[in-house]
Amino acid sequence: MKIKADNQGVRYMFRSLRIRNFRLYFMGQTISLTGGWIQQIAMSWLVYKLSGSVALLGTVFFVSQIPMFFILPFSSAIIDKTNKKQMLFTTQALFMVHSILLSVLYFTSLIEIWHILVLSFVYGLINSFDNPNRQAFYIELVPKDNILNAVALNSTVLNSTRLIGPAIAGVLIGIIGEGGCFLINSFTAFLSLGFILFIEYKRLSISQNKLRVIKDIKEALSYISSSLPTKAIMIIVFFFCFLVFPITTFIPAYVKDVLSLESDSLGLIMAFIGVGSLLASFFLASRKEILSLGRIQLVSLLASSILIIPFFFVKSIYLSLLLSVLLGFSIVGVIASTTTVLQALTSEDIKARILGCYLIFFTLGSSLGNLFLGWLSDIIGLAYAIGVSGFVAILAILIYLPYRKKVNKLTKDIYIEKGVVEVIPV
């Protein structure tokens, strides 16, 4: 998996899209995630409109994420031994049904907070299979020397939809209501099923080893504990998701209470976070080597930790939009660089399980962070709670710095061993 030099700039950036299967996945993912963002923004707005509670915003997110903590170890082991295309089709169909149920509850005027909490939990159950399956699936659709580019393009679609979906949702909430947004998401999920059907996926790529869930989980944990770079990634992503990542959950409260604005402004702020995210994705997709990702990760960690400190104190929409772009860029800088490094470090036969563990640390950190910061915000105020979180994140980075040199050296050694980078003769 050697990263080859290519002087064709933009063509290099999009080279994985020349592969039919990845192109189909990319288009289906774009449609599905746009609808998903429309629903997520509409649901956040509805929850805060019905409850007026910052803590409840964090609780809804916690409920939607916590099932992954318990199920991911098992689902990741299962995914390594099953047909990933069939799994993707099934989870996407279940997401469609989930959105339809939300729509029915809304348009019959029956919807209450407890409905949203229950359906959020169901969403988390489905996502426990969908998320690790996607992470392992799309990598199999490209040649090994395209993996860095495919990961960056996947990050691009994740973050371009973060730009498009919230902007659309902000407008649609005022026109067709939150229920209309839920209905649109069910339609986009239906469309994405068509793209999945046309992907040509061979069952030969499925592991022929017998499924032994407990043994497979132990094997993944042993792999992580024996690899310092992989272990460092898991620790970094947990603290990042606990301290920094939850900021986007509380933006509806910020828009209503601090800026005194409506849903279109919520969509605008989320869209500007998407602009920064998209710029970061393009920046990473255009890179032709992998060794600098450790530096990008560190700078992005520090930048995002600093940026969240003043964010909820800002009372100007224009300054808020500027900070949103910078924050979106730095958050994606952390997530995309970390995911790419982990993909490159991990052996194919255990990749889904390791990515599953990564998602466990990611979701556990973000769900607990949302729950904790939501309740802390009700005690000391949202702006102060996030400000404290930013200072603690900076402290955690300073604690990590003495270990960084050793982690980078071991990471490079693994790259050379796996053929990710070439040994340069002295």
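For the range 188-206, give me the residue count where each residue is at pLDDT 70 or above, of a type in the set (A, V, I, L, M) and not in a helix (DSSP H, G or I). First the steps, then the outcome.
Step one: list which residues in the range 188-206 are at pLDDT 70 or above, which gives 188-202.
Then keep just the ones that are of a type in the set (A, V, I, L, M); that gives 189, 191, 193, 196-197, 199.
Within this subset, residues satisfying the condition of being not in a helix (DSSP H, G or I) are 199.
So the count comes out to 1.
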Among residues of the range 254-278, those that are surrounded by fewer than 21 Cβ atoms within 10 Å (Cβ to Cβ) and in contact with a Phe, Trp or Tyr (Cβ under 7 Å, 6 or more places away or on another chain), counted: 2
task: Output the residues belonging to the range 127-184 that are outside any helix (DSSP H, G or I) and touching a Phe, Trp or Tyr at 6+ places or on another chain (Cβ under 8 Å).
output: Val142
query: Which one is surrounded by the fewest Cβ atoms within 10 Å (Cβ to Cβ), of the residues in the range 280-294 that are more than 16 Å from the chain's Cα centre (by Cα) and of a type in the set (A, V, I, L, M)?
result: Leu291
statement: Taking the range 68-89 and keeping residues surrounded by fewer than 21 Cβ atoms within 10 Å (Cβ to Cβ) and within 18 Å of Ser120 (Cα to Cα) leaves Phe69, Phe70, Ile71
- request: Please find, within the range 240-262, the residue that is nearest to Leu293 (Cα to Cα) out of those that are within 15 Å of the chain's Cα centre (by Cα) and among the hydrophobic types (A, V, I, L, M, F, W, C).
  value: Phe240
message: On the basis of being more than 19 Å from the chain's Cα centre (by Cα) and at negative phi, does Leu268 make the cut?
response: yes
field: Pick from the range 212-239, criterion aliphatic (A, V, I, L, M) and under 17 Å from Glu348 (Cβ atoms), ranking: modelled with the highest pLDDT
entry: Ile224
- prompt: Between a first residue in the range 310-333 that is farther than 19 Å from Gln297 by Cα and at pLDDT below 90 and a second residue that is part of a helix (DSSP H, G or I) and among the hydroxyl-bearing types (Ser, Thr, Tyr), which pairs have beta carbons less than 6 Å apart while being 6 or more apart in sequence or on different chains?
  reply: none
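One line per residue, one yes/no per condition, for (1) farther than 20 Å from Leu24 by Cα; (2) crowded, with 19+ Cβ neighbours inside 10 Å:
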{"residue": "Val157", "(1), (2)": "no, yes"}
{"residue": "Ala167", "(1), (2)": "yes, yes"}
{"residue": "Gly170", "(1), (2)": "yes, yes"}
{"residue": "Ile175", "(1), (2)": "yes, no"}
{"residue": "Ala189", "(1), (2)": "no, yes"}
{"residue": "Gly194", "(1), (2)": "no, no"}
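Results for (1) within 14 Å of Leu17 (Cα to Cα); (2) at pLDDT 80 or above; (3) among the aliphatic types (A, V, I, L, M), shown as yes or no for each residue.
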site: Phe129; (1), (2), (3): no, yes, no
site: Arg134; (1), (2), (3): no, yes, no
site: Leu141; (1), (2), (3): yes, yes, yes
site: Asn146; (1), (2), (3): yes, no, no
site: Val151; (1), (2), (3): yes, no, yes
site: Leu163; (1), (2), (3): no, no, yes
site: Ile168; (1), (2), (3): no, yes, yes
site: Leu172; (1), (2), (3): no, yes, yes
site: Gly177; (1), (2), (3): no, yes, no
message: Could you go through the range 374-389 and let me know if any residue there is touching a residue at least 12 places away in the same chain (Cβ under 8 Å), closer than 27 Å to Ser227 by Cβ and of a type in the set (A, V, I, L, M, F, W, C).
response: no
statement: Checked the range 98-128 for anything closer than 20 Å to Gln65 by Cβ and either in contact with a strand residue (DSSP E or B) (Cβ under 7 Å, 6 or more places away or on another chain) or of a type in the set (Val, Ile, Thr) (or both); matches are Ile113, Ile116, Val118, Val122, Ile126
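The values are calculated or read from the model by the stated rules, or taken from the named source; none is laboratory data. What you are looking at is a predicted structure, and each value in this text was computed from that prediction instead of being measured. Glycine also receives a Cβ, built like all others from the backbone with ideal geometry; neighbour counts cover every protein chain displayed.
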